[in-house]
Structure formats: structure tokens, C-alpha cells
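As C-alpha cells, the structure follows; a few thoughts come after it.
The values are calculated or read from the model by the stated rules, or taken from the named source; none is laboratory data. Predicted model only: the values in this text are computed from it and were never measured. Every residue, glycine as well, gets a Cβ built from its backbone with ideal geometry; the counts of neighbours run over all protein chains shown.
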Amino acid sequence: MAIEKNYLQLEFGSGQFFDYSKDEKEGYVKHTSSKGNISYRKYSKDGVSGVLESVSIYEGKFGNQISLNIKDGDNVYYVPVDVADKKGNVDTYAESLIKVLPKLNKGDKITISGYNFTPEGDKYSKIGISVKVNGEKVKGLTNAYTDKEGKSVEGDIPGLTWKKDALGKNKPTAVTLEAKNDYLLGALKAETDRLKWVQGEATTTTQAPTKAEVPKATPTEAFEPATNVKEDDYQDLPFA
């Protein structure tokens, strides 16, 4: 039986991966974008499960993405996560995924899912990517930070220093934000080199999309910021 390739997308608002169709199909729900465009989506509400075949950087129509190649029987799923946000920083979903990449290996049986929700009583949303290997949630790299008492807590990823702008709004300093971005991009480069598709390594014909090189250090320079963040107007698949 022929391999069926499924090119998924990530819905920012819900954190769910979905398959897109211009036409109505069984199992797909109607979606109307903010501009009134109608399409159809099949959501992976329980995440995407299968054998991890590779992880690469894909240069798509909506900016560069981390693409996971996951095989489940005769189905292959290309699961994308935007690398950079509109401001040119490492995207929240991407940061969450990059943290767990060092714990993954080709051949692992994984389940990947996204989330975006606001816990009851909390002011801010929790956004990210969750990965399980053999049913066990993967714990990834940690962030350094300063706790409420002003004590520095060590972590793998450089912490941010915050200061108030002229309007009294807390913002991370440019130096610490750049250091964090640099660390995450370095980790991404190392892990995609380790987990990339290698010709002849597997017996399947499910080659991952072409990996783009990481030419510079910062997300703004290295990756074109995604233009589809918080935008629902997908009219074409992001993969050629």
C-alpha cells in the first residue's frame, strides 16, 4: 500500500495540529477565517502519534518551521512549528519544542500535541508543545529565572532581565533576550543536525522536507518571521 503524506498546520489559538482542505470532507469541520474565507480542518485533538523519523528545518511559505516527520503505519505526518514570531524572536511554541529535542531520538514512538489555554485564576496563557515517548511525558531543558524573592534560579537556558519602559511596562532587556534566542537557535541547529533525515538510513520513502541551513545567530537574521501567527487565513498548504 502506498505511503500517504499528511502536511499538518498548527492553529495558534488552540494549539491543535490540523489537516487543511479547501473542500468539504468527511471528518473535517468548517472554518471561517477573520477575512471570511471558508476552509475545512481535521483536528488532531489527541495529538499526532507514530515513530519519529526525522526533525528538520523547513523553509515554507509562511516562514521557516521546525518539521517533525512522524510515521504511523502507511501514514506519514509532517508536523510543523514556526521558528520565529512576528517580532523576530524564537516563537513560544518553538521554544517549548526545542527544549525537548535533546531527549528525542529517531525511532522513538512519540505523541506530540500543542496547547494554548489560560488556567482558572491566572492572568496569562500557557502556550507550548508537549511530547511523550512511549507514553511518558518528556521533560526538557529548563529556563534560568529570578524568583519572587529576587533569588537567581539556575537553568539550561539563559534567563531574562526585565526593566520598565517609559510607559511603565515590563520588558526584557535586549542583551538578555538576544542571549536566550542565541542559545535556543544553537540548540535547534545541533538537534536538527543530529535528527535530520539521512538517505539510506531508513527503508521507507518518507524523506523529510528539505532542511534550511541556519546562517546567522539571531532569529531575525537566521529565520524569516512567520506571517501566519494568530492569523487563520490558510488558503494553501505551506509545503510545495
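General observations
- Residue match in the stretch 12-29 (condition: touching a His at 6+ places or on another chain (Cβ under 9 Å) and within 19 Å of Gly128 (Cβ to Cβ)): yes
Residue-by-condition table, conditions (1) at pLDDT 95 or above; (2) crowded, with 17+ Cβ neighbours inside 10 Å; (3) hydroxyl-bearing (Ser, Thr, Tyr):
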| position | (1), (2), (3) |
| --- | --- |
| Ile3 | no, no, no |
| Ser44 | no, yes, yes |
| Ser56 | yes, yes, yes |
| Ser67 | yes, yes, yes |
| Asn75 | yes, no, no |
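- Residues of the stretch 146-163 that turn out to be assigned to a strand (DSSP E or B) and more than 15 Å from Tyr183 (Cα to Cα), as a count: 5
- The residues of the stretch 1-31 that are more than 20 Å from Phe62 (Cβ to Cβ) and not in a strand (DSSP E or B), listed by number, are Met1, Ala2, Ile3, Asp23, Glu24, Lys25, Glu26, Gly27, Tyr28.
- Near pairs, Cβ below 7 angstrom, 6+ apart or cross-chain, from the stretch 3-20 (on the phi < 0 side of the Ramachandran plot) to any residue that is among the acidic types (Asp, Glu): Ile3/Asp74; Glu4/Asp74; Asn6/Asp19; Leu8/Asp19; Phe18/Glu11
- Conditions (1) hydroxyl-bearing (Ser, Thr, Tyr); (2) in a strand (DSSP E or B); (3) in contact (Cβ under 8 Å) with a residue 24 or more places away in the chain; number of the one not met by Ser34: (2)
- Whether a residue is of a type outside the set (D, E, K, R) and closer than 19 Å to Lys196 by Cα was assessed, and Tyr77 passes this test.
- For the stretch 170-189, the condition of being in a loop (DSSP other than H, G, I, E, B) and farther than 23 Å from Asn64 by Cβ holds for at least one residue.
- Unmet criterion (only one of (1) exposed (fewer than 15 other Cβ atoms within 10 Å of the Cβ); (2) over 21 Å from Gly88 (Cα atoms); (3) of a type in the set (Lys, Arg)) for Lys132: (1)
- Yes/no for Val131 being hydrophobic (A, V, I, L, M, F, W, C), touching a strand residue (DSSP E or B) at 6+ places or on another chain (Cβ under 9 Å) and at pLDDT 95 or above: yes
- Verdict on Lys109 being at pLDDT 95 or above, over 14 Å from Phe12 (Cβ atoms), more than 14 Å from the chain's Cα centre (by Cα) and surrounded by fewer than 18 Cβ atoms within 10 Å (Cβ to Cβ): yes
- Segments classed as strands (runs of 3 or more DSSP E), wholly inside the stretch 61-125, with at least 2 members that are of a type in the set (Phe, Trp, Tyr) and in contact with a Lys or Arg (Cβ under 7 Å, 6 or more places away or on another chain): 109-117
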